[in-house]
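The values are calculated or read from the model by the stated rules, or taken from the named source; none is laboratory data. All of these numbers come straight from a predicted model, not from anything done at the bench. Ideal geometry is used to build each Cβ from the backbone, glycine not excepted, and the neighbour counts take in all protein chains shown.
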């Protein structure tokens, strides 16, 4: 029987409290369990404690995947998943506009592993075809992208990949499984920084990978060696937080559209990047593969505004690192998420010094608009 999203968020992956019949999952904090002589013996570094195993079921069901694993961070999930597919001599094609940490890992680490790579416009079939090599094993995408909310044509990429027997991997952090289930569109492996929307309260760090049983066996094989498992107290907190995932993300998505439309009319803003806007060049593509447009947007402050004064002028919206929490936050990608890129790389991606990334929370939008108006005035 197919369950609704709220039901999956609340009930899938619960750990049954058989002793006291509590309404919430008990927390298993032990790091030492009885050896039963089988490969199924519990050893938390092997991602198989009761809390880990059950929460993985929730993530897999939300992503329409066969299996999932939970990691200590989003980067632990990304790097482990990539290195479970790639080996020395292999080649990977990556979307040009991706999270700065992922790009930095590719540039700084993959050469040491003997893995070659190309950053390209994956929405361009000709460029995909010309970049493909006999040794290409993986195409990596992120949609919507960080920080300019570009939309990847998932069908184009996955059909191309399957035609050439290449795996696809996608970062679904910005959209979350509430707004987008990429496995339904042909993606092989889905990744999350669970620190963001899955956690949703800015108080845990975690990551997740979801895929088929056969691929997840490869991911687990690397994961147990790399040691990126998540402590069970944090696993419990993540499961608790995910109970409200659908409610939170839908509220954030509605707020983000309202604020994007408001910012689009502001004299202090030159451009708004949000796929829910009809003016977004990929709006129709987003509609075709997303169920909602998400809680993330970015905008370019007008040059007459001082971005530091703008941030200092905010009283309700917080100028902090990270995103996806119930509270609204902003940051400068140039100074934070994409600071590891060279100025030339940032310029090529359209990341300028007046770009603001806005993670919209669940507050009343009237209060958020008032806060923005005061900050705009302070920025002059």
Q | Residue list for the range 353-380, filter: surrounded by fewer than 16 Cβ atoms within 10 Å (Cβ to Cβ) and either within 30 Å of residue 121 (Cβ to Cβ) or in contact with a strand residue (DSSP E or B) (Cβ under 8 Å, 6 or more places away or on another chain) (or both) | A | 353
Q.
Residues that are on the phi < 0 side of the Ramachandran plot and surrounded by fewer than 24 Cβ atoms within 10 Å (Cβ to Cβ): list the strands (runs of 3 or more DSSP E) wholly contained in the range 134-199 that include at least 1 such residues.
A. 136-142, 167-171
Q.
Between a residue in the range 351-377 that is over 20 Å from residue 270 (Cβ atoms) and any residue that is at pLDDT below 95 and outside any loop (DSSP other than H, G, I, E, B), which pairs come within a Cβ distance under 6 Å, given they are 6 or more apart or on different chains?
A. none
Q) Among the residues of the range 355-373, is any under 19 Å from residue 300 (Cβ atoms), modelled with pLDDT of 95 or more, part of a loop (DSSP other than H, G, I, E, B) and assigned by TED's automatic domain parsing to the domain that holds residue 300? A) yes
**Q.** Matching residues, the range 93-116, being over 20 Å from residue 223 (Cα atoms) and crowded, with 19+ Cβ neighbours inside 10 Å
**A.** 93, 94, 95, 97, 98, 99, 100, 103
(Q) Among the residues that make up the range 250-268, is at least one of them within 30 Å of residue 23 (Cβ to Cβ), crowded, with 21+ Cβ neighbours inside 10 Å and in contact (Cβ under 8 Å) with a residue 60 or more places away in the chain? (A) yes
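Among the residues of the range 264-278, what is the count of those that are under 26 Å from residue 124 (Cβ atoms), in contact with a helix residue (DSSP H, G or I) (Cβ under 7 Å, 6 or more places away or on another chain) and assigned to a loop (DSSP other than H, G, I, E, B)?
Residues of the range 264-278 under 26 Å from residue 124 (Cβ atoms): 271-278.
Applying the additional criterion that residues be in contact with a helix residue (DSSP H, G or I) (Cβ under 7 Å, 6 or more places away or on another chain) yields 272, 274-277.
From what's left, assigned to a loop (DSSP other than H, G, I, E, B): 274-277.
The total comes to 4.
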Q. Identify, please: which residue in the range 117-133 is touching a helix residue (DSSP H, G or I) at 6+ places or on another chain (Cβ under 6 Å) and either in a loop (DSSP other than H, G, I, E, B) or at pLDDT below 95 (or both) and is, among those, surrounded by the most Cβ atoms within 10 Å (Cβ to Cβ)?
A. 122
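Anything in the range 286-324 that is outside any loop (DSSP other than H, G, I, E, B) and under 15 Å from residue 174 (Cβ atoms)? List them, or say none.
Selection gives 286, 289, 296, 297, 298.
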Q: Would you please name the residue that is surrounded by the most Cβ atoms within 10 Å (Cβ to Cβ), looking only at residues in the range 59-92 that are under 15 Å from the mean Cα position of the chain (by Cα) and part of a loop (DSSP other than H, G, I, E, B)?
A: 63
**Q.** residue 213 being over 28 Å from residue 168 (Cα atoms), in contact (Cβ under 8 Å) with a residue 60 or more places away in the chain and in the same structural domain as residue 10 (by TED's automatic domain parsing)
**A.** no
Q: Tell me which residues, restricted to the range 325-350, are buried (at least 20 other Cβ atoms within 10 Å of the Cβ), touching a residue at least 40 places away in the same chain (Cβ under 8 Å) and assigned to a loop (DSSP other than H, G, I, E, B).
A: 325, 328, 333, 337, 338
